1. Which residues, counting only those in the range 1-18, are farther than 14 Å from residue 98 by Cα and outside any strand (DSSP E or B)?
2. Taking into account only those residues within the range 38-51 that are at pLDDT below 95 and loosely packed, with under 13 Cβ neighbours inside 10 Å, which is nearest to residue 88 (Cα to Cα)?
3. I'd like to know if the range 125-133 contains one or more residues that are surrounded by 11 or more Cβ atoms within 10 Å (Cβ to Cβ) and closer than 16 Å to residue 16 by Cβ.
4. Filter the range 85-100 for residues that are in contact (Cβ under 8 Å) with a residue 40 or more places away in the chain and under 12 Å from residue 4 (Cα atoms); which is farthest from the chain's Cα centre (by Cα)?
5. Can you give me the ranges of the helices (runs of 4 or more DSSP H) entirely in the range 80-139 with at least 3 residues that are within 22 Å of residue 51 (Cβ to Cβ)?
6. Residues in the range 52-69 that are surrounded by fewer than 15 Cβ atoms within 10 Å (Cβ to Cβ) and either under 9 Å from the mean Cα position of the chain (by Cα) or part of a helix (DSSP H, G or I) (or both): how many?
7. Test residue 22 against the stated conditions and say whether it is under 19 Å from residue 111 (Cβ atoms), part of a helix (DSSP H, G or I) and modelled with pLDDT of 95 or more.
8. Right, residue 25: in contact (Cβ under 8 Å) with a residue 24 or more places away in the chain and on the phi > 0 side of the Ramachandran plot or not?
């Protein structure tokens, strides 16, 4: 079974969970750990480490908000476990891609596909780009 864990500074992970619940309904295999609810990032590490140790046959996908942030540094320690995958750059598109992915797909392949899809859907628009783009391409 795959477990998805969202970790972040502030309340970002909690907000992501709220958005996921609004779009997909409550997800039993989704957990969140915000730094606002813990005094130190290492407290999040200990909570998540305990879950990983208790479930060695499950795969854990840990999404963090920013690369090299304090929460990310703590989560990277969990890569010592063969059933853990840590990914930075958490955004709603990535979270949805991961949750909706096929459980039969290999973890590394699934994550590569989810990241690719997320990057492909990150688009910027401004006045000039809107004027230069055909209407059917925008909507």
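The values are calculated or read from the model by the stated rules, or taken from the named source; none is laboratory data. What you see is a predicted model, and the numbers here were worked out from it, not measured in a lab. Every residue, glycine among them, receives a Cβ derived from its backbone with ideal geometry; neighbour counts consider all protein chains shown.
1. Passing the criteria: 9, 10, 11, 12, 13, 14, 15, 18.
2. 40
3. no
4. 100
5. Correct list: 92-100, 107-120.
6. Number satisfying all stated conditions: 2.
7. No: the conditions fail for residue 22.
8. Criteria not met by residue 25.
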